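Asker: I have a structure here, written as structure tokens, and I will follow up with some questions on it.
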Amino acid sequence: MNDVKVAVVGAGFSGMGAAITLRQNGFDDFVVLDRGSDFGGTWRDNTYPGAACDVPSHLYSYSFELNPEWSRSFSKQAEIHAYINRVADKYDLHSRTRFRTEVTDARWDEDQNRWIISTDSETDGAQQIRAEILVGAIGPLCEPRLPDIEGIEGFEGAIFHSARWDHETDLTGKRVAVIGTGASAIQIIPELAAKVGHMDVYQRTAPWVLPRADREYTALEHWIFKNVPGAQRLSRTGIYLAHELVSYGLTHRPDVLRPAHAIGRANIRRGIADPVKRKKVTPQFKVGCKRILLSNTYYPALGQDNVDVVTDGIAKVTPTGIVTKDGTEREIDAIVVATGFHVTDSPGFEHIVGKDGESLAQVWDRDGMAAYKGSTIHGFPNMFLMIGPATGLGHTSMVFMIESQLNYLADWLKTVQRNDITRTEVRADVQREYNREVQSTLETSVWENGGCSSWYKDKFGNITTLWPGFTFNYRKATKNFDLAAYETQRAESARRPEPQSASV
Ligand code: NAP
């Protein structure tokens, strides 16, 4: 059994951020565990054609590692992944990270006052780690959601999820079906439309797709970002503030976003000539209710003669095609499944077991998905969840939210160290009240009133994934660790003597 002060599960943006924060605050006794073979999380896994970020690059990066070299305003996956790896190198995260190591179970042991983490890896087999603190940085968009469609397992052609792209399969000239028209699909479809023989796009709900102000940065801009002090930060702040304005409409006044409907419809008219197709792809809910998508190439791709938009609903998949509810069968060679992720029901939640022997999945399945400040959960002592409930965003950079959580994490660790505390657990009443307020703020939101269904809601119909309002309010809420919100245990009253730890 290995002993560490902190075990971080996940080496994506949030797990890396946690590791860097630990280092910067003198907590050097930690390990990062990741089942993949590289840093980057979602930016490592999503290698589908056209993968890019729909948040501007200068904002979608760590505030402490700005990158003057971004080649364009909206970066592609490879460039973001390269940035992430540069950051990992700079902060020497490799020496603390165990890749290809799957966490099969993380269980709070009340007697030992520790997390017992079971791992499995190709090289080291099954092992256990005992940690004072568990940081769950598993990411909400890591477990592909496969559609439950009759016959899909029997399909004889190539079939893969957008986040598990099969680069060995050449789709050139093939008949391809794409299921889904979300954020991933609208990036994939234009790339495929240019090379496949024929494409059927299976659309269940037409999304709002607005134009994207994407362009390459000029040599002069690169020079300015590199050499003029504050220039890049100023640009970042401008992008940040412009995006924050949208959050007011999303949360409190959906009607102020109405002009976006006209922009979206104009985008459709610009890209598609056929009136039948135009009608099919025109959304029927208020903009913002589902994630607002950005693309200049999606509608032109749908407008191509070799692309059909199928809205009849899928009845079943046969070994060689897809049958829609009207009885039509369309023969295909390959299916791209772009149906999103298990967000509110991630299998990862089943492996985290709290003080009462219940997993996070069981607790949330019974009570609904909830945490305090998106970070700590009653029943799960000494655990910090990155990108937890009510921290997601539809309008700006998640890195901003991650860094807010990192402030809270750092202040938590410093506070418990200063006060000789060995166990913290958020009070049930505090967590309840916090979530009551979150839900009450959401009552006016477009996600509640916009006339759509979305993965922002859990099975009880509560919006449990999104932060309501301005992100600077979340930054403020997470600035300091609020000890009074927690039940604590000090070293002298701990059930077992403290093990020696250099960093405590
Ligand atoms: P998604 O937004 O959840 O979209 C899934 C799509 O699949 C939707 O169109 C959905 O239709 C459809 N679908 C699901 N089950 C289906 C079924 N059984 N039959 C037919 N259609 C089905 O998933 P995603 O596109 O992978 O994106 C997930 C999230 O990843 C995004 O919201 C975003 O946060 C993130 N993302 C970000 C970027 C970026 O640029 N930053 C890029 C890609 C993804 P309904 O709408 O009817 O449910």
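The values are calculated or read from the model by the stated rules, or taken from the named source; none is laboratory data. Note that this is a predicted model, so its numbers are computed, not measured. Cβ: placed from backbone, ideal geometry, glycine included. Neighbour counts: every protein chain shown. Note: areas computed on protein heavy atoms with side chains; ligands, DNA, RNA excluded. Shrake-Rupley method; radii C 1.70, N 1.55, O 1.52, S 1.80 Å.
Asker: Counting DSSP beta bridges with both partners in the chain, what percentage is antiparallel, nearest 5?
Answerer: Of all bridge pairs located within the chain, approximately 45 percent are antiparallel.
Asker: Now for a separate question. Just how many % of Cα pairs in region 175-329 lie over 24 Å apart, if you round to the nearest whole percent?
Answerer: Taking all Cα-Cα pairs of region 175-329, the fraction more than 24 Å apart is 46 percent.
Asker: While we're looking at this one, here's another question. Return the loop-located trypsin sites (Lys or Arg not before Pro) in region 196-242 (DSSP other than H, G, I, E, B) with at most 10 other Cβ atoms within 10 Å of their own Cβ; answer none if there are none.
Answerer: Within region 196-242, the qualifying trypsin sites (Lys or Arg not before Pro) (loop, at most 10 other Cβ atoms within 10 Å) are Arg215.
Asker: Something else now. Need one number: nm distance between label points at Glu191 and Asp28, each 7 Å from Cα along Cα→Cβ, rounded to one decimal.
Answerer: If labels sit at Glu191 and Asp28, their model points lie 4.1 nm apart.
Asker: If you check each cysteine of the chain for another cysteine whose beta-carbon is under 4.7 Å away, which ones come up empty?
Answerer: Cysteines lacking a close Cβ partner in the chain: Cys53, Cys142.
Asker: Give me the distance in nm between label points sitting 7 Å out from Cα along the Cα-to-Cβ direction at Arg72 and Leu234, one decimal.
Answerer: Output for this residue pair reads 2.7 nm.
Asker: Dipole of the chain, Cα-centred, from +1 at each Lys and Arg C-beta and -1 at each Asp and Glu C-beta, to the nearest 20 debye? Walk me through the numbers before you get to the answer.
Answerer: Details: 57 positive and 64 negative charges, 383 e Å.
Result for the chain is approximately 1840 debye, rounded to the nearest 20.
Asker: May I pose another question? Could you list, in their original order, any pairs among Lys5/Lys479; Lys195/Lys459; Lys286/Lys355; Lys90/Lys479; Lys76/Lys457; Lys90/Lys373 whose Cα atoms are separated by more than 32 Å?
Answerer: Lys195/Lys459; Lys286/Lys355
Asker: What nm distance separates the two modelled labels at Lys90 and Phe472, each placed 7 Å from Cα along Cα→Cβ?
Answerer: 2.5 nm
Asker: Can you tell me the dipole magnitude for region 323-436 around its Cα centre, using point charges on the Cβ only (Lys, Arg +1; Asp, Glu -1), in Debye to the nearest 20? Before the final figure, lay out each step's value.
Answerer: Details: 11 positive and 16 negative charges, 121 e Å.
The calculation lands at about 580 debye.
Asker: Hey, what's the chain come to in accessible area per residue, 1.4 Å probe, Å²? Mind showing how you got there, number by number?
Answerer: On the way: 21490 Å² over 504 residues.
Heavy-atom SASA per residue in the chain reads 43 Å².
Asker: Got a sec to turn the phi values of region 413-422 into Karplus ³J(HN,Hα) couplings, 6.51 cos²θ - 1.76 cosθ + 1.60 with θ = phi - 60°, whole Hz, x for Gly and Pro?
Answerer: So the Karplus estimates, Gly and Pro as x, are 4, 5, 5, 5, 5, 4, 9, 6, 8, 10 Hz.
Asker: Something else: Amide H neighbours of Ile332 under 5 Å, at least 5 residues apart or on other chains, H built in the peptide plane: list them.
Answerer: Those qualifying (amide H under 5 Å, at least 5 residues apart or on another chain) are Gly321, Ile322.
Asker: Follow-up. With charges only on Cβ, +1 for K and R and -1 for D and E, what is the dipole size of region 154-295 about its Cα centre, in debye, rounded to 20?
Answerer: Dipole about the Cα centre, nearest 20: 660 debye.
Asker: Please list, in order, the residues from region 269-293 whose amide nitrogen is less than 14 Å from a point placed 7 Å along the Cα→Cβ vector of Arg258.
Answerer: Label zone hits: 286-287.
Asker: So what are the ³J(HN,Hα) numbers for region 322-334, from phi and the Karplus equation (6.51, -1.76, 1.60; θ = phi - 60°), rounded to whole Hz, Gly and Pro as x?
Answerer: For region 322-334, the Karplus-derived couplings read 10, 9, 8, 5, 7, x, 6, 10, 10, 6, 9, 9, 8 Hz, x marking Gly and Pro.
Asker: Here is a further query. What translational diffusion coefficient, in µm²/s and rounded to a whole number, does the Stokes-Einstein relation yield for region 1-116 at 20 °C and a viscosity of 1.002 mPa s, taking the hydrodynamic radius as the Kirkwood radius over Cα pairs?
Answerer: So the translational diffusion coefficient is about 139 µm²/s.
Asker: Working from the pairwise distances between different alpha carbons, so that the mean of 1/r is found and then inverted, what is region 230-276's Kirkwood radius in Å?
Answerer: Averaging 1/r across every pair of different Cα atoms and inverting gives 13.1 Å.
Asker: Which FRET efficiency value, to the nearest 0.05, is calculated for Met1 and Arg427 with the Förster distance at 30 angstrom and r the Cβ-Cβ distance?
Answerer: 0.45
Asker: Another question about this same structure. Please work out the Kirkwood hydrodynamic radius for the chain, using every pair of different C-alpha atoms, and report it in angstroms with one decimal place.
Answerer: Here the Kirkwood hydrodynamic radius works out to 24.1 Å.
Asker: Follow-up. Using a 1.4 Å probe on the protein heavy atoms, what percent of the accessible area of the chain belongs to carbon and sulfur?
Answerer: Carbon with sulfur: 50 percent of the solvent-accessible area.
Asker: From the phi of every residue in region 458-470, what ³J(HN,Hα) in whole Hz does the Karplus formula 6.51 cos²θ - 1.76 cosθ + 1.60 yield, where θ is phi - 60° and glycine or proline is x?
Answerer: Going residue by residue, I get 8, 5, 8, x, 8, 7, 10, 9, 9, 7, x, x, 6 Hz, with x marking Gly and Pro.
Asker: What base-10 log of the normalised intensity I(q)/I(0) is obtained for region 52-128 from the Debye formula, alpha carbons as equal point scatterers, at q = 0.12, 0.17, 0.26 Å⁻¹?
Answerer: -0.57, -0.80, -1.11
Asker: Further question on the same structure: Between Gln127 and Lys355, 0.36 nm times their residue separation minus their Cα-Cα distance comes to what? Walk me through the intermediate numbers first.
Answerer: On the way: separation 228, 0.36 × 228 = 82.08 nm, distance 2.15 nm.
This chain segment gains 79.9 nm when fully extended.
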